[in-house]
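Rule-based calculations on the coordinates, nothing more; no lab input. What you see is a predicted model; the values in this text were computed from it and never measured. Positions of Cβ are generated from backbone atoms using ideal geometry, with glycine treated the same way; all protein chains shown enter the neighbour counts.
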Amino acid sequence: MTQDSIQILIDRIEQVAHETDFSGVISIFEADSALHEQAFGYRDIPNQIPNTPATRFGIASGTKFFTALGIGRLIDLGLIHLETRVGELSTDYTGFISPDATIRHLLTHTSGIYDYFDEEIEQDFDNFYVSIPWYRLVTPSDYWPLFEGQAAKFQPGERFSYSNGGYVFLGMLIEKIAGQVFRDYMQEQVFKAAQMPQTGFYALNKLPANTALGYLEDRQTANFYNLPIRGGADGGLFTTASDLRACWQNFFAHRILSPNLTNVFLQTHERIDEKIGYGCGLYKRLDNSLFSIVGGDAGVGFDSRYFVHHRMTASILSNTTNGEEDLREVVMDFFNNYA
């Protein structure tokens, strides 16, 4: 990686960020060295309070990777296994998921569980609502009424179907097995091990300082009424670019999960197309050269990638709906053509 090629990337980032009115942070690290870290736009648009490289952003479905790590910690403790069946954990889980579905099925979106937000059907993040008021969804267990009386989509292992409901259910299992509120367990077991001090599940009506408010596509409407009041196991985590870099490093250094389980998480469990597959909570290239976690929601755009051969991380965090998309193309074009 030459200084000239890095400058090409920086110039292109700044050009596209200004052309698209990007709001957020882009961060590119090589090991511990920051190659480029830059903030654009505002964390509070009406009051013109700017984003900074240290601003926290919501990461929507990027949260699923961390939920997977939470399950992994339980596996390393010997409390459950990848092949533990849902039916072994409780007889209450009927109808909406097969008792033969395993932890592995849930982690890899192949369980067939009923999905309260089925992205095979629903794509409009800015206008999605459920039958429970958002302010009542504080922990994964609060989602239980959305599952009761529903039917499973298909039998376990039948196919890949990206599932928000499956990860909410994993959060319920964490609460049941660990005997803790999900967010407290994650703080103690995952974020501490990953060295992510600025990361957490914060209530939208009580965000800490230097946290970006999310805005819908009109760039005027905040997302308070479009999301659960507090994030859970399928989305809603807040973090920073620096914490993400630390997480990637600690994950690959086996400081979060055991070496054996880390390798299992990185395996291709499902092929999505001729180049892309899915591990446990993260996307990957089939040749193992790239791993990524992504997220999109009302007022959130997120993409974080680890380029294995370069030992580089690239994270894009945006506080607007789909705000990461154009800069993601810039990053991928650079690594495909210059790196």
Using 0.36 nm per residue, how much length does the chain from E119 to I177 gain when fully extended, once their Cα-Cα distance is taken away?
18.1 nm
Could you size up the charge dipole of the range 20-168 around its Cα centre, putting +1 on the beta carbon of Lys and Arg and -1 on that of Asp and Glu, and report it in debye to the nearest 20?
280
Residue by residue, what Karplus-based ³J(HN,Hα) values in Hz, rounded to whole numbers, does the range 234-242 have, using 6.51, -1.76 and 1.60 with θ = phi - 60° and x for Gly and Pro?
9, x, x, 6, 10, 7, 10, 4, 5
With the chain reduced to its Cα atoms and the Debye formula applied, log10 I(q)/I(0) at q = 0.08, 0.10 1/Å amounts to -0.35, -0.55
Alpha-carbon centroid distance for the pair the range 297-335 / the range 39-70, whole angstrom:
12
Run the quick spin-label model on L286 and A151: label points 7 Å from Cα toward the beta carbon, then report their separation in nm to one decimal.
3.4
With springs only between Cα atoms under 10 Å apart, run a GNM on the chain and tell me which of T94, T55, T63 wobbles the most.
T94
Percent antiparallel among DSSP beta bridges (both partners in the chain, rounded to 5):
95
Label D218 and D184 with points 7 Å out from Cα along Cα→Cβ: what is the distance between them in nm?
4.0
Suppose every K and R has +1 on its Cβ and every D and E has -1 on its Cβ; what is the size of the dipole of the range 3-337 about the Cα centre, in Debye to the nearest 20?
1060
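Please state the relative contact order of the chain as a whole percent: Cα pairs under 8 Å, 6+ residues apart? Working shown, then result.
Working: 718 pairs, mean separation 86.0, N = 339.
It rounds to 25 percent for the chain.
With a 10 Å radius around each residue's Cβ, average the other Cβ atoms per peptide and rank 164-170, 302-308, 266-272, highest first. Display every interim value, and only then the final one.
On the way: 164-170: 25.9, 302-308: 23.0, 266-272: 15.3.
Peptide ranking by packing, descending: 164-170, 302-308, 266-272.
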At the level of C-alpha centres, the distance separating the range 83-105 and the range 128-162, in angstrom, is 15
Computed log₁₀ I(q)/I(0) - Debye formula, equal Cα scatterers, no solvent, the range 48-118, q 0.17, 0.25 Å⁻¹:
-0.73, -1.22
Quick one: Karplus J couplings for the range 182-198, per residue in order, coefficients 6.51, -1.76, 1.60, θ = phi - 60°, nearest Hz, x for Gly and Pro?
3, 5, 5, 4, 5, 4, 7, 9, 10, 5, 5, 5, 7, 6, 10, x, 9
With +1 on each Lys and Arg Cβ and -1 on each Asp and Glu Cβ, and nothing else charged, work out how big the dipole of the range 214-339 is about its Cα centre, in Debye to the nearest 20.
580
In whole Hz, the Karplus estimates of ³J(HN,Hα) for the range 156-168 (6.51, -1.76, 1.60; θ = phi - 60°; x where Gly or Pro) are x, x, 5, 6, 8, 8, 3, 10, 5, x, x, 7, 4
Under 23 Å from K206, Cα to Cα: lysines that are on another chain or at least 8 residues apart
K64, K192
